[in-house]
Amino acid sequence: MSNFVARRTPVQVMRDTVSALLARELKSRFGSKKLGYFWALAEPGLQASVIAVIFTILGRNSLSGVPVALFILLGVLPFRGFTKISTQLSTAIKSNKALFSYRQVSPIDPFITRLIIEAATYLIIYTLLMIILFWSGFQVIPEKPMELILINLLMLAMASGYGLVLANMVIFYEDTPRIISLIHQPLFFVSGIFFVITMIPSHYWEYLTWNPLLHFTELSRDAMFFNYQTPVGDWFYISIITIGVWGTGLALYWVNRHRFLAA
Amino acid sequence: MIHFRNVSKFYPTRNGRTYIFKDINFKLPMARSIGVLGPNGAGKSTLVRMIGGADTPSRGHIDSDLRISWPLGLQGGLQGSMSGRENVRFVARINGISNTSIIEQEVANFADIGRYYDEPIRTYSNGMRSRVAFGLSLAFDFDVLLIDEVTSVGDATFRKKSQQALQRIRETTHVIMVSHEMKQLQEFCEAGIVIKNQNFVFHSCIKNAIQDYQETYVKL
């Protein structure tokens, strides 16, 4: 009853492993929470609608000449994407520890697997919500489509590098994800989700612009709307941070590579 | 042949590094099955895990051209939240087999645990776990099978079945086996290694290995 184990190149082994992990992880998500994919879509949608309704009740149905719902969604989506993806990735390695007893599975494989799932989910949700808004009669064709795509890809890149750093911290301190979500919560209020920087007195800008998440919302709206131009959104700044977190994450991964395997 | 090049393994403890193995240089011949002997905590499981790639040496390398199984132990390997079948499917896939239904059936036949095969592993008893783990490793044509105490928990039927299976594949597959039962080691292995002094001693006859082990460690 021997099944021949073919000799494969390292790249083939990795491809087979990641696809096996993909099948496994997708199944466990579908299996445990049947509404999981519904909520992934409904949560940012509902969040945006609640804020939009509040603004409408307050008598504002446009911000900077843009409909509130679309305005909020362009802030909520990259912010939630960033926090969700980085927290999911932080536990990717640790929660698959049992599988490292197979030599084919190295710690980076479950990380890559989860990154693929999270990035795909984000892009699908983004597109679906835009399509829904389009049907509802909103003007959702971006002014600079390439820049909107680029800023979202850059967000994914930074979130995953940051997630890799967190995945390293998790093996030293198990409660890292809790602390991280405590830090993420106040960021919700300073990342430009329900304001743009031009509504803030300019002498506060130098503090707010340290937060890279603000740049994602600012640049997203800059790319989307004809009548908004961000005075602070800085591609260079967030690119440097992205390179920084990836460099740190990879260095930590290399240092800790034995620790991931240890039971 | 399994080639140990300058292999050291240590664990950081409060009193500095505790070495399990230090600077091992050895070519372990795999022409026969090998029993691993040593007291608790000597590093038997660590050695087997390193050979199987489930753990890495702190320094040095272990190289081999042979197809070596993962270490079949009581813990690890099988994922508790997945069913036996899903575990089998997963392992088949990471080994590059895309049509997994044949292998799923083979393991089901060997394990013979009925409807539990589709229940999560965490609901299994130790014996049932071992049946799946052992059946799974037999489904591949490994040159070397790493067995860490996995056969010792089974009932009489399972022991007999695994013994027969090992006899059947004897020509092509050899085992490296950790066990505290000398009878079992003599049954399955021809050669032996004894772990001592942060190194190991190879004996081409299991009887000598057992004698060495008893002289070194068993003091009554």
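The values are calculated or read from the model by the stated rules, or taken from the named source; none is laboratory data. On a predicted model such as this, the values are computed, not experimentally measured, just so you know. FYI the Cβ positions are ideal-geometry reconstructions off the backbone, even for glycines, and counts take in every protein chain you see.
Annotations
- Pick from the stretch B:31-65, criterion of a type in the set (A, V, I, L, M) and modelled with pLDDT of 90 or more, ranking: farthest from the chain's Cα centre (by Cα): B:Ile62
- Members of the stretch B:80-103 found to be of a type outside the set (Ser, Thr, Tyr), in contact with an Asp or Glu (Cβ under 8 Å, 6 or more places away or on another chain) and within 13 Å of A:Arg24 (Cβ to Cβ), listed by number: B:Arg85, B:Val88, B:Arg89, B:Ala92, B:Arg93, B:Ile94
- Candidates B:Ile51, B:Ile34, filtered to the one that is under 30 Å from B:Pro120 (Cβ atoms) and outside the structural domain of B:Ile113 (by TED's automatic domain parsing): B:Ile51
- Qualifying positions in the stretch B:127-142 - within 13 Å of B:Arg85 (Cα to Cα) and touching a Ser or Thr at 6+ places or on another chain (Cβ under 7 Å): none
- Members of the stretch A:150-187 found to be β-branched (Val, Ile, Thr) and at pLDDT below 95, listed by number: A:Val170, A:Ile171, A:Thr176, A:Ile179, A:Ile180, A:Ile183
- Every residue from the stretch B:3-22 that is surrounded by 14 or more Cβ atoms within 10 Å (Cβ to Cβ) and within 18 Å of A:His258 (Cβ to Cβ): B:Phe4, B:Arg5, B:Val7, B:Ser8, B:Lys9, B:Phe10, B:Tyr19, B:Ile20, B:Phe21, B:Lys22
- Consider the stretch B:164-174 and keep the residues that are of a type outside the set (Lys, Arg) and surrounded by fewer than 15 Cβ atoms within 10 Å (Cβ to Cβ). The one that is modelled with the lowest pLDDT is B:Glu171.
Residues are listed down the side, and each one gets a yes or a no for (1) among the aliphatic types (A, V, I, L, M); (2) surrounded by 14 or more Cβ atoms within 10 Å (Cβ to Cβ):
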residue: A:Phe188; (1), (2): no, yes
residue: A:Phe194; (1), (2): no, yes
residue: A:His203; (1), (2): no, no
residue: A:Leu213; (1), (2): yes, yes
residue: A:Phe216; (1), (2): no, yes
residue: A:Thr242; (1), (2): no, yes
residue: A:Leu252; (1), (2): yes, yes
residue: A:Ala262; (1), (2): yes, no
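- Selection of helices (runs of 4 or more DSSP H) fully inside the stretch A:159-263 by the criterion of at least 1 residues being closer than 30 Å to B:Gly53 by Cα and without any contact (Cβ under 8 Å) to a residue 60 or more places away in the chain returns A:235-261.
- Verdict on A:Val140 being of a type in the set (Val, Ile, Thr), farther than 30 Å from A:Glu174 by Cβ and buried (at least 17 other Cβ atoms within 10 Å of the Cβ): yes
- Looking only at residues in the stretch A:104-139 that are assigned to a loop (DSSP other than H, G, I, E, B) and at pLDDT 85 or above, the one that is nearest to the other protein chains (Cβ to nearest Cβ) is A:Gln104.
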